[in-house]
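Everything below concerns the one structure shown next.
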Amino acid sequence: MDTLFSLTQDEYLDRITAMLRDEHTISPGDFLWAEGYLTGLLAENPDYNEARKRLVWLYRHRVNRDTLTCGRIAEEGIRRDPMDVELVKALVQIREQRQERDRLISFLAALAEADPDNYVVREELIEACIRNREWERAEKLMTGVQHRPAYTLFRGDILLAKGDEDGAVKIWTELADSLIPQEKTDGGLAVWTYYQAAERLNGIGRAEDAIHLYEFSYRAAVEPKPLDSLYARAFLLEKLGELPAAADMWQKIIHSLMTEYHITAGETLDWPKRELARLRNIIG
């Protein structure tokens, strides 16, 4: 965008406003110019909210432009490899962030219809339908195909969405109890199932039940063990007032980071150390 020194301040603001209306006109150079101009105005007059509002719009526009591009790139990758879990999950996050759930469902539904055995796409499609309160469609997607433990979790999600919390809890806990002994010691399916059930129980405030399933998930894993279950237990134990147990959990996290992941420095290790020190200070 050419800088016109003859324009007034209001005319510059109008040009920025016009630029923001067309998503495809803001080049990196134009963005930097607009950002510099608006922050300069605010430096001179911190109370000038007209400049501040446009600065907010400018940053939101950049995020919107970037997520639009990310979505297109993810969709192209998924078309080439519909079983790419990372790309599918990335697309789900992007579409949810952009509030484009209908577009997500339409895209995933076409892939699921083309390949009924693609459980990666089907499971994300079912979850999207449940979030969209399309419960009958979600149930239909779980019938006529090979059963997966995720479907049991989803049926609990549907009950919860309909207001039957006790029914949902019953389904999730029974699923965890149904894992065969081999699964409980070999990891894989058990790690995922326990963790997903724990996350759901945690989300509805069933902290004590969630703690047990987080523990089972961690036990079933092989080294290097995923630490998500330990972090979750540390927070929940503190929430329940069990500070010594929470401190022990942070100590376990530190030990695992150092021995299993060979992390000896940096924020990844410093954060749990700070949490441990904070709790020990409280405990006395």
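Derivation of every value follows stated rules applied to the coordinates shown; laboratory data play no part. Remember, it's a predicted structure, so these values are computed and weren't measured experimentally.
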Response to the item:
Computed over the chain, the relative contact order (Cα-Cα under 8 Å, seq sep at least six) in percent reads 7 percent
Worksheet item: How much of the calculated P(r) for the range 1-143 lies past 24 Å, in percent of all Cα pairs?
Response: 49 percent
Item to complete: For the range 87-201, just the Cα set please: Rg and Dmax, both in angstrom.
Response: 14.6, 43
Item to complete: Would you mind getting the Kirkwood hydrodynamic radius of the range 82-126 from its Cα pairs, rounded to one decimal in Å?
Response: 10.3 Å
Practice prompt. Pop out the ³J(HN,Hα) list for the range 134-150 in order, Karplus 6.51 cos²θ - 1.76 cosθ + 1.60 with θ = phi - 60°, rounded to Hz; leave Gly and Pro as x.
Written response: 9, 5, 5, 5, 4, 4, 4, 5, 8, 10, x, 10, 4, 5, 10, x, 4
Worksheet item: Using alpha carbons only, what's the Rg to Rh ratio of the range 128-284 with Rh from Kirkwood?
Response: 1.04
Fill in: Table column - 3J(HN,Hα) (Hz), the range 194-201, Karplus curve with 6.51, -1.76, 1.60, x for Gly and Pro
4, 5, 5, 5, 4, 4, 5, 5
Worksheet item: Tell me, what are the semi-axes, in whole angstrom and largest first, of the equivalent ellipsoid of the range 37-120 as set by the roots of 5 times the Cα gyration tensor eigenvalues?
Response: 40, 11, 8
Item to complete: Send over the semi-axes of the range 203-284's equivalent ellipsoid, whole angstrom and largest first, taken as the square roots of 5 times the C-alpha gyration tensor eigenvalues.
Response: 20, 18, 9
Response to the item:
Which of N132, N49, N64 fluctuates most in a GNM of the chain (C-alpha springs under 10 Å)? That residue is N49
Worksheet item: For the chain, which semi-axes, largest first and in whole Å, follow from the square roots of 5 times the eigenvalues of its Cα gyration tensor?
Response: 43, 30, 18
Worksheet item: Top mean-square fluctuation among S229, S178, S217, Gaussian network model of the chain, C-alpha springs under 10 Å?
Response: S178
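How much length would be gained if the chain were fully extended between V56 and K162, taking 0.36 nm per residue of separation minus their Cα-Cα distance, in nm to one decimal?
Contour length minus the Cα-Cα distance gives 34.4 nm.
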